[in-house]
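Take a look at the structure set out below.
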Amino acid sequence: MPGRTPPLQPPPPPPRELPRVMFWRLRRNPLRRRSDLAQAWIGLGLTLAVLAATPLALFLVGDAAHRHYTRTAQHQAATRHHTTAVLVEDARSHPEPGSAEARRTLYPTKVRFTDPHGRTHTAHADAQPALPRGTTIRVWADTGGELTDPPLSPDQIRSRAMGSALIAVLGVHIAAAAAYGTVHRVFWHHNLAAWETAWAATAPRWTTSP
């Protein structure tokens, strides 16, 4: 009947995603270019290089870092000493005395201590809240009479060595990814130029004059 509205049709089904074929650049097919094969072999070579370099970097960098931090700890132990300091002022009070946070909190407090040469020094050291003036605390000082941190402990040495090794491994993976990304961009521009050249030769046969 003229003017009759046709019934609504269901929407077309969404396009089905084609399955991805792994290592398609290494498979023989008529559409594979030489650049595809070259890129595949470069990617495979980089993968094998990463697999070989990862444990090597982990061991070499970890061992070198462990020896470095061990020497650092030995130097610190030789140039730092544990001594007693006396508070010359009252430490600040915590707003919530007796709480778990108060037990973890330390306040910079002025102290007086003597170095191995008998010289007296004053500095600020971390002290527990509400300690009265005259209380003694233990501090670390260097040969120049400056308060400092204690020498590196074995746990700190291992932790820093492991951190250095992991950073080295991460660097290997980042370098390989950057190298493959550069190769991919080079081949991509090469393929674009090849497509443009091929189309310039093919386009006249696809166009007709009126």
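The numbers here are math on the coordinates, done by the rules we state, and not lab data. Small disclaimer: the values here were computed from a predicted structure and weren't measured. Positions of Cβ are backbone-derived with ideal geometry, glycine not excepted, and every protein chain shown enters the neighbour counts.
I'd like the FRET efficiency for V183 and A52, computed as 1/(1 + (r/R0)^6) with the beta carbon distance as r and R0 of 22 Å, rounded to 0.05. All intermediate terms of the calculation are to be shown ahead of the outcome.
Numbers: r = 19 Å, r/R0 = 0.85.
After rounding, the FRET efficiency stands at 0.75.
Using a simple spin-label model with points 7 Å from Cα along the Cα→Cβ vector, what separation in nm is obtained for T114 and R67?
With each label point 7 Å from Cα toward Cβ, the separation is 4.3 nm.
For the charge dipole of the chain, defined by +1 on Lys and Arg C-beta atoms and -1 on Asp and Glu C-beta atoms about the Cα centroid, which residue among Y69, G45, T114 has the Cα displaced farthest towards the positive pole?
Highest projection toward the positive end goes to G45.
Rank by packing, highest mean first: peptides 75-86, 189-200, with packing defined as the count of other Cβ atoms within 10 Å averaged across residues.
Working: 75-86: 14.1, 189-200: 10.8.
Put in order of decreasing packing, that is 75-86, 189-200.
Using 1/(1 + (r/R0)^6) with R0 = 30 angstrom and r between the beta carbons of T136 and I167, what's the FRET efficiency to the nearest 0.05?
Calculated transfer efficiency: 0.15.
Quick one: compute the contact order of the chain, relative version, from alpha carbon pairs under 8 angstrom and 6+ residues apart, as a percent.
Working: 219 pairs, mean separation 49.8, N = 210.
Reported relative contact order: 24 percent.
Over the alpha-carbon set of the range 81-150, divide Rg by the Kirkwood Rh and report the Rg/Rh ratio to two decimals. The partial results should precede the final answer.
Numbers: Rg = 12.7 Å, Rh = 12.5 Å.
Rounded to two decimals, Rg over Rh is 1.02.
Any idea how far apart T83 and R32 come out in nm if each label point goes 7 Å out from Cα toward Cβ?
7.5
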